[in-house]
1. Quick one, which of (i) 64, 46, 37; (ii) 102, 43, 39; (iii) 61, 50, 42 is the actual Cα extents along the principal axes in Å calculated for this model?
2. So how far, in whole Å, is the C-alpha centre of region 342-381 from the one of region 163-232?
3. Mind checking the dipole of region 12-133: about its Cα centre, +1 per Lys or Arg Cβ, -1 per Asp or Glu Cβ, Debye to the nearest 20?
4. Within the set of other residues whose C-beta is less than 14 Å from the C-beta of residue 12, count the net charge using Lys and Arg as +1 and Asp and Glu as -1.
5. Which value at 222 nm does the chain reach when only helices count, each DSSP H run of 4 or more adding -39,500 (n - 2.57), with the total divided by all residues and rounded to the nearest 500 deg cm²/dmol?
6. Which ³J(HN,Hα) values, rounded to whole Hz and listed in residue order, are derived for region 263-273 from phi using the Karplus coefficients 6.51, -1.76 and 1.60 in 6.51 cos²θ - 1.76 cosθ + 1.60 with θ = phi - 60°, glycine and proline given as x?
7. From the C-alpha coordinates alone, can you work out the Kirkwood hydrodynamic radius of region 293-343, in Å?
8. Just to confirm the number: angle between the C-alpha axis of helix 65-77 and the first principal axis of the chain, 0 to 90 degrees, nearest 10?
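Every number in this text was worked out from the coordinates using simple rules, so none of it is lab data. Quick caveat, the model's predicted, so the values are computed rather than measured. Here the Cβ is made from the backbone with ideal geometry for all residues, glycine too, and neighbour counts use every protein chain on show.
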Amino acid sequence: MTIPFDYEIMRLIWWLLLGVLLIGFAIMDGFDLGIGALLPFAAKTEEERRVLINLIGPTWEGNQVWLILGGGAIFAAWPALYAASFSGFYLAMIAILLALILRPVGFKFRGKINDPRWHSLWDWGLFIGGFVPSLIFGVAVGNVLLGVPFRLDDSLRAFYDGNFFGLLTPFALLSGLVSLGMLVAHGGAVIAMRTIGPVQERGRAYGRLAALVTFVLFGLAGLWVAFGLNGFVVTSVVDTLAPSNPLAKTVATAPGAWMANYSAHPWMIIAPVLGLGGMLVAWWALGAGRYVTGFLATSAGIFGIISTAGLSLFPFLMPSSVMPNASLTVWDASSSHLTLFIMLLATVVFLPIILAYTTWVYRIMRGTVTATTIDRNPNAY
């Protein structure tokens, strides 16, 4: 079988596709998580809470497809990364999954009993379903930048030497707050864009505050990475066309090493500028009543923040803090050349279908959600 792209190009394509899927999840399902985290605060009455629930209820399942695609891409394209990360972050993954399970259960069961205490119970369940994943996803990224305590034996089996509470370091928690802030800002922008009245005003206020906090925290995290963290650097010659073997290289740590890509490729500075600028524009736009601009700005900010992490790490996917030479990179943690190509063919076919379906769904569901529109819909939550 003739493959039109060499192994190096295929690895780069799948690194980019993984980034696209993760950013797609953060933008599409991120506002669902953000609205869930804002539910007890942006909505004060039963009517307002139903407005927010019905704002995300019809589309959250489709949005979560991006998370499933991202997990599937890691499993198929980067099996070594899947094995090391899903085993090392096992308890964190369980916490995320349990929190995400509360979303469908909350949507389906909240309205089954007409009792304020019952409603309040599931409202807090939906809050947990938004808050916990938003925070832990960021904590995970922070730990990747710090280096994950895993090692490989001679047969490339991964062993994790850390524990769940070891993930909760100050820098990792700061990264978690950046993630939480950007998704809450995104959720607040959607509330402001698609609701009216007091709930719109609260969504706008919380969205502005979250955007400003994210701007400050992301800037602080950037300074910490530049001047307070040791990064990782490959010190041996790397054959980008060789079969995957993470132990076939040498890796060292050095202060400020995560900034090396920006020195070598100055155009990459666009990513952090977009992250900071997007949140700053969102803060202004929500205050000025330009809600569509605010939503686009938070989307751009999310794109910039996640891209900054990816570009800083490249070519690393998950560095090891206890065995640096076992760090997983784009060049030595992928599936075979043929596997990547077959997966690319499937992606070329199915990703446009997903995008087309998502566009159609949002076109159908567009418009303002109010108590009146809920009352007219017999399928409303």
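1. Answer by label: (i).
2. So the two Cα centres are separated by 26 Å.
3. Values: 8 positive and 8 negative charges, 40 e Å.
Using Cβ point charges on Lys, Arg, Asp and Glu, region 12-133 gives about 200 debye.
4. On the way: positive: 11; negative: 6, 8, 332.
Around residue 12, the charge tally is -2.
5. Values: 15 runs with 261 residues, N = 381.
Helix contribution divided over all residues of the chain: -23000 deg cm²/dmol.
6. Using θ = phi - 60°, the values come out as 6, 6, 9, x, 4, 5, 4, 4, 5, x, 4 Hz.
7. On the way: mean 1/r = 0.0749 Å⁻¹.
Its Kirkwood hydrodynamic radius stands at 13.3 Å.
8. 10 degrees
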